[in-house]
Amino acid sequence: MAARIQPLEDTEVSADIKQRFKTAEERGAPNSMLLRILAHNPDTLRMFYDSWEAIFYHGIVDHGLKEIVRVRMARVRGCGY
């Protein structure tokens with residue numbers, strides 16, 4: 001079995017990263033487990049999260065396109081979304 005990167009707990013990260021976890025968990029996106037794994041490299045997490053925030057929460061991408069992306073992602077993963 002391949003090695004897995006363990007997600008970090010709140011106690012292992014800075015306050016700003018912890019806040020990103022909290023916000024993602026409240027919104028349901030981006031996936032908080034992904035953030036907890038990216039947190040091994042805080043700069044990477046910040047770049048990913050800030051891009052996500054700009055695209056999905058500050059109107060850079062049209063809402064209709066976001067819905068198309070969500071449906072496509074669900075289908076690719078075999079989710080019944």
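The values are calculated or read from the model by the stated rules, or taken from the named source; none is laboratory data. These numbers come from a predicted model, not from an experiment. All Cβ positions, even for glycine, are placed from backbone atoms using ideal geometry, and neighbour counts span all protein chains on display.
Report, by residue number, each residue of segment 58-67 that is among the aliphatic types (A, V, I, L, M) and either under 14 Å from Ala29 (Cα atoms) or loosely packed, with under 12 Cβ neighbours inside 10 Å (or both). Let's see the steps before the verdict.
Pass one, segment 58-67, residues among the aliphatic types (A, V, I, L, M): 60-61, 65.
Ile60, Leu65 - these are the residues of segment 58-67 that are among the aliphatic types (A, V, I, L, M) and either under 14 Å from Ala29 (Cα atoms) or loosely packed, with under 12 Cβ neighbours inside 10 Å (or both).
Among the residues of segment 1-15 satisfying the criterion of being acidic (Asp, Glu) and assigned to a helix (DSSP H, G or I), which is farthest from Phe56 (Cα to Cα)? Break it down into steps so the answer makes sense when it comes.
Filtering segment 1-15 for residues acidic (Asp, Glu) gives 9-10, 12.
Subsequent filtering for residues that are assigned to a helix (DSSP H, G or I) retains 10, 12.
Numbers: Asp10: 24, Glu12: 27 Å.
Ranking the qualifying residues of segment 1-15, first place goes to Glu12.
Might you let me know whether segment 32-39 holds any residue that is surrounded by fewer than 17 Cβ atoms within 10 Å (Cβ to Cβ) and hydroxyl-bearing (Ser, Thr, Tyr)?
no
Which of (1) more than 9 Å from the chain's Cα centre (by Cα); (2) buried (at least 16 other Cβ atoms within 10 Å of the Cβ) does Arg4 not meet, given it meets every other one?
Result: Arg4 passes all but (2).
Checking Lys66 against (1) at pLDDT 85 or above; (2) in contact with a helix residue (DSSP H, G or I) (Cβ under 9 Å, 6 or more places away or on another chain); (3) part of a helix (DSSP H, G or I), only one condition comes out false. Which one?
Of everything listed in (1) at pLDDT 85 or above; (2) in contact with a helix residue (DSSP H, G or I) (Cβ under 9 Å, 6 or more places away or on another chain); (3) part of a helix (DSSP H, G or I), Lys66 misses just condition (1).
In this structure, is Ala24 modelled with pLDDT under 95, out of contact with any strand residue (DSSP E or B) (no Cβ under 7 Å at 6 or more places or on another chain), surrounded by 16 or more Cβ atoms within 10 Å (Cβ to Cβ) and under 15 Å from Tyr57 (Cβ atoms)?
Details: modelled with pLDDT under 95: yes; out of contact with any strand residue (DSSP E or B) (no Cβ under 7 Å at 6 or more places or on another chain): yes; surrounded by 16 or more Cβ atoms within 10 Å (Cβ to Cβ): yes; under 15 Å from Tyr57 (Cβ atoms): yes.
Yes; evaluated as a whole, the condition is true for this residue.
Kindly list the number of the only condition in (1) without any contact (Cβ under 8 Å) to a residue 12 or more places away in the chain; (2) under 14 Å from the mean Cα position of the chain (by Cα); (3) farther than 17 Å from Arg27 by Cβ that fails for Glu53.
Among (1) without any contact (Cβ under 8 Å) to a residue 12 or more places away in the chain; (2) under 14 Å from the mean Cα position of the chain (by Cα); (3) farther than 17 Å from Arg27 by Cβ, Glu53 violates only (3).
The rows are residues; the columns are (1) part of a helix (DSSP H, G or I); (2) out of contact with any helix residue (DSSP H, G or I) (no Cβ under 7 Å at 6 or more places or on another chain).
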residue: Ile17; (1), (2): yes, no
residue: Ala24; (1), (2): yes, no
residue: Arg36; (1), (2): yes, no
residue: His40; (1), (2): no, yes
residue: Arg46; (1), (2): yes, yes
residue: Gly59; (1), (2): no, yes
residue: Ala74; (1), (2): yes, yes
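Scan segment 43-57 and tell me whether some residue there is under 16 Å from Pro7 (Cα atoms), in contact with a Ser or Thr (Cβ under 8 Å, 6 or more places away or on another chain) and surrounded by 10 or more Cβ atoms within 10 Å (Cβ to Cβ).
no
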